[in-house]
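The values are calculated or read from the model by the stated rules, or taken from the named source; none is laboratory data. Fair warning: this is a prediction, and the values are worked out from it, not measured in the lab. Here the Cβ is made from the backbone with ideal geometry for all residues, glycine too, and neighbour counts use every protein chain on show. Ligands, DNA and RNA are excluded from the accessible area calculation, which covers all protein heavy atoms including side chains. Shrake-Rupley method; radii C 1.70, N 1.55, O 1.52, S 1.80 Å.
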Amino acid sequence: VLASLPLQMMLYFNVYYFPVWWLAEGMMLHLKYHLLPQHYQFLLVAAFLILSLAEGSRLYLGYVGNLQEK
């Protein structure tokens, strides 16, 4: 079984677009944070952290799995 080139290309570009998304999302969260009710503040921060961790681990596992053919 060989590594998937289209998957590797998507992972490669996603590695470069993820920090752009992370920075833009962090800036928007920072700008609107004080305008939101407290429960929305908690939910947005929690969702941002969970999505950031999930995307980082997805990219890492995708690279490792695709390059080691797992």
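Some notes on this structure:
- Filter result (of a type in the set (Ser, Thr, Tyr), within 16 Å of Leu67 (Cβ to Cβ) and free of Cβ contacts under 8 Å to residues at least 12 places away in the same chain) within region 1-50: Tyr12
- Against the numbered list (1) part of a helix (DSSP H, G or I); (2) over 16 Å from the mean Cα position of the chain (by Cα), Ala24 comes up short only at (2).
- Residue ID - modelled with the highest pLDDT, chosen from residues in region 4-34 that are open to solvent by less than 50 Å² (accessible area, probe 1.4 Å) and farther than 26 Å from Ala47 by Cβ: Gln8
- Tally of residues being of a type in the set (A, V, I, L, M), outside any helix (DSSP H, G or I) and loosely packed, with under 10 Cβ neighbours inside 10 Å across region 35-70: 0
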